[in-house]
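K.L.:
Take this structure, written in structure tokens, and hold onto it; I'll ask about it next.
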Amino acid sequence: MNIPVHNNKKIFKIKSDLELKLTILKKVFYPTLTSIFLINSSLKKIRKPSKILDIGCGSGIVGISLYKLGKVNKPVYFSDISKEAIQNLKINASNHKINFIAKKGSLFEPWQDYKFDYIINTVSGISQSIATKSKWYQGVSCKAGVEGTNLVNKIISKSKKYLNKNGALIIPTISLSDENKIKTQMKKYFSKVIKIATIDWPLPEEMYIHEKLLNKLKKQNSIDFQMKWGIIICSTSIYMLKK
């Protein structure tokens, strides 16, 4: 079968002791530094092998990494709304001999009779207005809304039903969204909202042609960023939410 790919194989350095060679199909989200940051932040909080769902899995980099690093009580569960993503995940999981269950569907639709120790959210949480202009989402669905909150806030509101006792939702937020609205949602549905880590990063140079749009979205509080020495600085934070 002739499978269209961004790059036949790509090596992602997860930690000093783990590099993953992954196939990335076209129409599947290409892993970024945020993906690596989410993995390493999750490692700090997942103390023992656990039942884990990677929701919005894309190529499967998060769930596969946690499996390889001994944090998964087999199998690891994956889902995505994209058929290309599920196809991609199956290729990578099989190549890495991962024990897995994968389901296609929107958010929690595939998991009505399941509960997990940890749900790792990799569903889009960036302003749709920016996503459509970026290389990150070329050919990839992003129905997060102008504020980037539509999908993330649905995950937050529904996830408690799918968590075991003492379970947790681990979720990234990006300043290229209305983080205040997302944090309000977190506090509405969870009693414990713990920021695990945060990191600043420079906006890629190719996005500067959209600076007028960025400033407009910032002015209306749909996103946020800082200017330092003429560089647009964004941030990513990782939260752990518990009942």
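The values are calculated or read from the model by the stated rules, or taken from the named source; none is laboratory data. Not measured: the values here are computed from a predicted model. So basically every Cβ, Gly included, is an ideal-geometry build from the backbone, and we count neighbours across all protein chains shown. SASA here: full protein model, heavy atoms, side chains in, ligands and nucleic acids out. Shrake-Rupley method; radii C 1.70, N 1.55, O 1.52, S 1.80 Å.
K.L.:
Provide, as a two-decimal number, the C-alpha radius of gyration of region 171-230 over 2.2 N^0.38 Å, N being how many residues it has.
P.N.:
Against the empirical 2.2 N^0.38 Å value, I get 1.32 for region 171-230.
K.L.:
Once the dipole of the chain is set up with Lys and Arg at +1 and Asp and Glu at -1 on Cβ about the Cα centre, which of 159, 215, 12 lies farthest towards its positive end?
P.N.:
159
K.L.:
For region 138-204, what % of the accessible area comes from carbon and sulfur atoms, probe 1.4 Å?
P.N.:
Exposed carbon and sulfur together represent 49 percent of the surface.
K.L.:
About the Cα centre, and with charges only on the beta carbon of Lys, Arg (+1) and Asp, Glu (-1), how big is the dipole of the chain? Nearest 20 debye, please.
P.N.:
840
K.L.:
Let me ask another. Quick one: accessible area per residue over the chain, 1.4 Å probe, rounded to a whole number of Å²?
P.N.:
On a per-residue basis, the chain sits at 50 Å².
K.L.:
In addition: Connecting C-alpha atoms closer than 10 Å in a GNM of the chain, tell me which of 193, 72, 28 has the biggest fluctuation.
P.N.:
193
K.L.:
Follow-up question, since we're still on this one. For all pairs of alpha-carbon atoms in region 84-180, what percent lies in each bin of width 10 Å, listed from the first bin to the last filled one?
P.N.:
14, 38, 37, 10, 0
K.L.:
Let me ask you something else. Looking at the chain, what % of its DSSP beta bridges pair antiparallel, to the nearest 5?
P.N.:
60
K.L.:
Now for a different question. Please compute the contact order of the chain in relative form: average sequence separation of alpha-carbon pairs under 8 Å and at least six residues apart, divided by the residue count, as a percent.
P.N.:
Over the chain, the number comes to 16 percent.
K.L.:
If you don't mind, there's one more thing I want to ask. In a solvent-free Debye calculation with one equal scatterer on each Cα, what is log10 I(q)/I(0) for region 28-127 at q = 0.13, 0.16, 0.23 Å⁻¹, listed in the order of the q values?
P.N.:
Normalising to I(0) and taking log10 leaves -0.38, -0.59, -1.30.
K.L.:
Which trypsin sites (Lys or Arg not before Pro) does region 3-89 hold that lie in a coil by DSSP with at most 15 other beta carbons within 10 Å?
P.N.:
Sparse-neighbourhood loop trypsin sites (Lys or Arg not before Pro): 26, 47.
K.L.:
If you build a Gaussian network model of the chain, linking Cα atoms that sit under 10 Å apart, which residue out of 128, 87, 112 swings the most?
P.N.:
112
K.L.:
Still on this structure, please answer the following. How would 198, 173 rank on accessible area, largest to smallest, probe 1.4 Å?
P.N.:
198, 173
K.L.:
Viscosity 0.692 mPa s, temperature 37 °C: what is the translational diffusion coefficient of the chain from Stokes-Einstein with a Kirkwood Rh over Cα pairs, rounded to a whole number of µm²/s?
P.N.:
Estimated via Stokes-Einstein, D reaches 181 µm²/s.
K.L.:
Classify region 132-243 from the C-alpha gyration tensor, please: rounded if a/c falls under 1.5, else prolate or oblate depending on whether a/b exceeds b/c.
P.N.:
Since a/c reaches 1.5 and a/b is larger than b/c, the shape of region 132-243 is classed as prolate.
K.L.:
Roughly what % of DSSP beta bridges within region 1-138 run antiparallel, to the nearest 5?
P.N.:
35
K.L.:
At a probe size of 1.4 Å, how large is the accessible area of residue 119, to the nearest 10 Å²?
P.N.:
0
K.L.:
Which sequence of 149, 34 reflects their accessible areas, 1.4 Å probe, from the largest down?
P.N.:
Reading off the accessible areas and sorting them downward yields 34, 149.
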